[in-house]
Structures are given as structure tokens and as C-alpha cells.
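Asker: Okay, handing you the structure first.
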Amino acid sequence: MAIKPPFTALDIKRADGGFYHGNSVPIALLSKSIMVGLVIWALVWPGNANSTLGSWNGRLLENFNSFYIIIVGAFVVLLAVIAVLPSTGRRIMGRPGEKPEFSNFSWFSMMFGAGLGVGLMVFATAEPLGLWGSNPVVLAGDVAPNTEESLQSAYRYTFAHYGFHAWAIYVVTGLSLAYYAYTRDMPLTIRSALTPLFGKLMNGFLGHVVDVLGVVATILGVSVTIGFGVSQFIDGLYSITGMEWMMNMSGDAPAPNKVGLIAGLAMIMALSILSAVSGVGRGVKYLSNLNLVLSIILLGTFIIFGSFLFAMTTYATALIDYLLNFFSISFGAYGPQSGAAFAAALPDAAVPFADALRGGATNAWGSFEGFKAGLEGEAAALPDDVLQAAYAAGEAGRQFGWQSGWTTFYWAWWIAFSPFVGLFLARISKGRSVREFILGCVVAPALVCFAWMTILGGTAIDLELTGGAEGAIIGASNTAKLFVTLGEMISGGFLTGITIMCVVLILTFLVTSADSGILVMNTIMSGGDQETGIKHRIVWGIILTLVIGTLLIAGGTDGDALGALRNAMIIGALPFTIVMGLMCLALIKALYRDGLREKHGLAPETQAAE
């Protein structure tokens, strides 16, 4: 039987002149139309946009929560199998005998830079602390929140959210792009990854749709990252200056208000556009170097003045616990609990009060004490053992609410971010073997993320456990927890200096993320070209600013200004999740067929396109 050569005749038509010279006009117009429509909707009808996005997000999670959980688990398993199998793991992403473009040291350094970003600055303290008080083990009633007993499960899920699962998402996209680009000389763009399945169809409208989904996902993923980062940036400025006009002071803890967020966004995006215009060689490169230096200083501060021994002990035990529970985390998906299912699980004495009991019993962010305190009338007078049973009856609902609010949010965020990070990983990995790429890009950055989470987050938890913080860190907003932890750990002029350094680090991380996102969007629109026109970088920088700004304005109260951004991102990530599933099928087919071609003596350099 003749072995057909792979399809490599990908033809992305680009404009020969005019404003869109060098770009695919359909991709550009479709992407911009979607984003401009979102901006107009959020600007003209902010209340409707916020409520509609929230409603869509709620329905999406009810129907697709299990899909998100299981497909990410499948990504991890698929990459492990590809890496372990000799026939696939040894393949070089390049021509036979081609050497890696970068040394191992430079390659790992750049991956570390990709792993250290705004997400870690915000969540290195907020994530472990939040999960210390609420995680599936706590919700099941097996351990009490915010105790030594709940520390293990807190880090189990912290490592899950920032560990091998997260990087597997990036690597699925990165491996698909790199494999076709370097073994088949195809452009570094999303549609290339689906050519083994759809062939010539990727030259037409279907290919445009795939690339547009990549652009939209990137915009929304970068938007959420910048949204969190701007919030932390304003928290940092408030810690330094005490300027209350940037903050909402009416809540339990100060939080950035919309005026502060929009002002911070305008400054950061102006710098990002300037950096993107200067290009990777100047803007991104110099900012990345500065990020690395400031990150080492911040980490060193926590090592010297924080709870380093506590953190390292936690690192070792948490890593073992994470690995032992790996498959249950990967495939333990929950669906919503219906009213009928809740009522059926109640003791007879509580059945007449099912409607009154259900809200509190299924609240993933509450506790048994809060459940009892929220009851009124006859329901509040039920015996304690009946209330305990009623609370236990709502566990399935609590687990679903927690998983969809934490884990699924992260999976959607990483999926939306994967065109950006995946393209970066692909760019720096030419000449690597498939096994080297998978292990290097999944394991190494994850271990760095674990270190950040245990050193910064472990210090915050230790301060709360020993009573030094007296609840101050737990009570702070997520984006302020880093600064409150620093305030409990050090003092005086040194505290001021480190806080200023953190604000600068957040600023540079934000600018790096935004300008890299702008460059990636232009790369996709130009059919894989890495050198894109300055005017298009400016246009996409402005569009990105407007998307974030209008969704912040539409995002309800100041305390939940990021709500509309989060909802839009989860909704926008779903279509690209389906694209990533197809990428996996395409990669399996490509690796298998290339194996057959090798057996029949068809070397890659002799394969002609169909």
C-alpha cells in the first residue's frame, strides 16, 4: 500500500498592499469585528453585558464543567504517552540531525521567564491561602479550614492548578505548532495544527475560523491576566502612597475601584504598545531580563525573611501528595446538583424545608457555621444533627460549585492563554526532540511555579498559623495579599523599598504580557510571520485596551470588577478547547503516519506535499 505524503501546501492568502499588507484580511476583519462588537456591547449596555455574560457562563459551566476537567486530564495523559513511546518521543522537531537553536541553559531560562508572570505575582500568596480555607477535602468535612490539617489538601490543589496540568495545556498547543513548523516547514499558526485532519480545507474559510478562535482566545486570556495584574498594581500603589481615590474603602478590606483600575490600565497599555512597537529584540528582551533580576530579589527576600524551612518541608510533602492524587484530580469531574437530588438526600425531618436549606448547603464558599447562621424561621429551629445531615446532603453541589469556580476557571484561563505561551515555547524549541520538549516544558516550569507557591504562600500561611498575622492576610483582597504578607514579614524603609520593587515588577510583567500578546495576535494574522507591521501592533494594542477597559466598566460592583472579564474568558475559551481536542487527534495521526513513512524509507526531506 502506498503511503501518501503529508499535506503541507498550506496557502494563507495575504494582502499584497494597502493597510492590511502582509496580513490575512478575513482573519483580521473577523477578529476585529468580534472584539469591536464586544467593546460596543460592554460600553453601551454594560449592565446587560455583565448579566448576560454571567448567565451564559453559568449555563456553560453546568453543561461543560466535566468536559473541561476531563479533556485537560486527557492532555496530560496523551503527552505522557507520546514522551514515553520510543517511536514518538525520539522524533526531532526539525530536519534529521538538526541541533537545538538554543543551549539548554538559555532554553530553561526562557521557560522560567514564561512561568514567572502576573499570575504568580497575584496568586503565589492568594492561591494557597484561598485553598487553605476551601478545597474539596474541606468541603467534604474531612478537615477543618485554615488549620494545619488542611494545609496538605490546600497545596494538593494549588499544585494542580499551577503544575503539570497547566503546562500540559500550553505544550499541547506548542508541540502541535512546533512539530509541523519544524518537520514540515509549515507556518507557525493555529490552522497548521489541524492539517492532518482537514488537509486542503485549512486553506479556506474553515482555516480562517480556526485562526480567529486562536486570536479571540488569546485576547481574552491576556485580558484576564492584565485585569488581575492591574488590580494588584493599584493595590501596590495604594500600599506605597495611601491614595484612597484609587480604592473602594466600603468593603471589609480596601480593593481597587474602577477609576483606579482604568487609570492603571491606561498607563500600562500605553507602555505595552510602545514596547510592542519597539519589537521583541528590544522591548520584550530587555523587560524579560529586568523581570528575572527583580524576581530573584523578591524570592530571595522571602527566603531570608520568610518561612523558608516551613516552605521547603511543604514543597516535598505537597509534591508527593499531588502525584499520589494525580488521577483523581485529572478525571474527578462534578456536575450540578439538582433540587430533586438534594431533596432526595435529605433526612425526612428536613425534606419540608428543602428549598430553604439548599442554598446554604450547596454554597462552595460557605461553612457549616455559616449555613446555620443563614437559616431563618422553622428551618433554623431544626435539631443540630438534622442540620448536619442536610449540610452533608449538599456536598455534591458544593463540590461542583468549587470545581467550576476554581479548577475550571484555571483550565479555561490556561487554554485561552495557550496560543500565546504555546507559540512562544514553539519558537524557542527548534531542534529539540519531542520527548525533550514535553518533559522540559511541562516539568521544569511547573517545579518553578511550585517553588513560588510554597515560598511565598507558605510564608503567608505560616504567619497566620503562628498567630503573627492575626487574620490580616486572609482578610485582604486576593491582589493585596502579597503586600500584606510583606508588611507582616518586614518593616521600615526595607518594606517600602521591596514594595516599590514589587510594583515595578508587576508593571514590567504586565507590559511584557501585553506586548507579547499583541505580537502573537499579529503573528497569527500574518500567516505565521514573526515580523509584523508597527501600525497593526498599535491597532491591536488599542483594541486590547478597549476590551479590558469596557469589561472592567461592565463588571458590576467595584468589588467584582473582574467578573465580566472572567466570564467572557471562560465562554471564549470553550471553542478553542474543542480546537485543542482536534489538535490532539491531528498530532496522533501525524506521528503515526510519519512513523509509517519512516518504515517505508520516506525521509521527511523527501516527502512532497499532496
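The values are calculated or read from the model by the stated rules, or taken from the named source; none is laboratory data. Nothing here was measured: the structure is a model prediction, and the numbers come from that model. Here the Cβ is made from the backbone with ideal geometry for all residues, glycine too, and neighbour counts use every protein chain on show. Quick note on the areas: whole protein, heavy atoms, side chains included, nothing else; ligands and nucleic acids left out. Shrake-Rupley method; radii C 1.70, N 1.55, O 1.52, S 1.80 Å.
Asker: Which percent of Cα-Cα pairs in the stretch 1-65 sits in each 5 Å bin, short to long?
Answerer: Reading upward from the zero bin: 3, 13, 11, 12, 11, 12, 9, 13, 9, 4, 2, 1, 0.
Asker: To test your reading of the geometry: what angle, between 0 and 90 degrees and rounded to tens, separates the Cα axis of helix 118-133 from the longest principal axis of the chain?
Answerer: Roughly 40 degrees, rounded to the nearest 10.
Asker: Roughly what angle does helix 258-278 make with the longest principal axis of the chain, taking Cα atoms, 0 to 90 degrees, to the nearest 10?
Answerer: 20 degrees
Asker: Apply 1/(1 + (r/R0)^6) to the Cβ-Cβ distance of LEU85 and ASP384, taking R0 = 45 Å, and write down the FRET efficiency to the nearest 0.05.
Answerer: Step by step, r from the Cβ atoms, then E = 0.20.
Asker: Using mean Cβ contacts within 10 Å as the protection proxy, how do 157-169, 577-589, 204-216 order, highest first?
Answerer: Final packing ranking: 157-169, 204-216, 577-589.
Asker: Within the stretch 243-273, list the residues whose amide N lies under 15 Å from a label point set 7 Å along Cα→Cβ of ILE534.
Answerer: The answer is 273.
Asker: While we're on this one: Once you put a point 7 Å from the Cα of GLU376 and another 7 Å from the Cα of THR147, both along the Cβ direction, what distance in nm separates them?
Answerer: 3.2 nm
Asker: Taking only protein heavy atoms and a 1.4 Å probe, what accessible area per residue, in Å², does the chain have with all protein chains in place?
Answerer: 38 Å²
Asker: Once Rh for the chain is found with the Kirkwood sum over Cα pairs, what is the Stokes-Einstein diffusion coefficient at 10 °C and 1.306 mPa s, in µm²/s?
Answerer: 63 µm²/s
Asker: Using only the alpha-carbon atoms, how far is helix 563-599 inclined from the longest principal axis of the chain? Give it as 0 to 90 degrees, nearest 10.
Answerer: On a 0 to 90 degree scale, this one is about 40.
Asker: For ILE500 and ASP185, what is the calculated FRET efficiency with R₀ set at 51 Å and r taken between the beta-carbons, to the nearest 0.05?
Answerer: Calculated transfer efficiency: 0.60.
Asker: Also, I was wondering about something else. Which shape class applies to the stretch 1-145: rounded if a/c is under 1.5, otherwise prolate when a/b exceeds b/c and oblate if not, where a ≥ b ≥ c are the square roots of the Cα gyration tensor eigenvalues?
Answerer: Oblate.
Asker: Separate question: With all protein chains present and a 1.4 Å probe, how do PHE308, PHE483 order by accessible area, largest first?
Answerer: PHE308, PHE483
Asker: Also: Using the Cα atoms of the stretch 228-385, I'd like the radius of gyration and the largest Cα-Cα distance, Dmax, both in angstrom.
Answerer: Every Cα atom of the stretch 228-385 included, Rg and Dmax give 24.8, 70 Å.
Asker: What FRET efficiency, computed as 1/(1 + (r/R0)^6) with R0 = 45 Å and r the Cβ-Cβ distance, is obtained for ASN63 and PHE368, rounded to the nearest 0.05?
Answerer: For R0 = 45 Å, the calculated efficiency reads 0.90.
Asker: Express the carbon and sulfur contribution to the solvent-accessible surface of the stretch 443-597 as a percent, rounded to the nearest whole number, probe 1.4 angstrom.
Answerer: Exposed carbon and sulfur together represent 65 percent of the surface.
Asker: Let me ask something else about it. Please name whichever of THR523, VAL222, VAL118 sits farthest to the positive end of the charge dipole of the chain, dipole taken about the Cα centre and charges placed at Cβ: Lys and Arg +1, Asp and Glu -1.
Answerer: THR523
Asker: Take the Cα atoms of the stretch 360-482, find their three principal axes, and give me the spread along each one in whole Å, biggest first.
Answerer: 70, 35, 21
Asker: Please give the length that would be gained between PHE19 and GLU598 if that part of the chain were fully extended, namely 0.36 nm times their separation in residues minus their C-alpha to C-alpha distance (nm, one decimal).
Answerer: 204.0 nm
Asker: If you place +1 on the Cβ of every Lys and Arg and -1 on the Cβ of every Asp and Glu, how big does the dipole about the Cα centre of the chain come out, in debye to the nearest 20?
Answerer: 2800 debye
Asker: Using θ = phi - 60° and the Karplus form 6.51 cos²θ - 1.76 cosθ + 1.60, what ³J(HN,Hα) does each residue of the stretch 427-438 get, whole Hz, x for Gly and Pro?
Answerer: With coefficients 6.51, -1.76 and 1.60, one gets 4, 9, 10, 4, x, 7, 6, 4, 4, 4, 5, 5 Hz.
Asker: Separate question: Please give, to one decimal in nm, the separation of the simple spin-label points placed at ILE303 and TRP245, each 7 Å out from Cα toward the Cβ.
Answerer: 4.2 nm
Asker: Let me ask something additional. Work from the charge dipole of the chain (Cβ charges, +1 for Lys and Arg, -1 for Asp and Glu, about the Cα centre) and give the residue of HIS600, PHE64, LEU309 farthest towards its positive end.
Answerer: Of the candidates, HIS600 comes out farthest on the positive side.
Asker: For the pair LEU324 and LYS589, how long in nm is the line joining their label points, each one 7 Å along Cα→Cβ?
Answerer: A separation of 4.3 nm, rounded to one decimal place.
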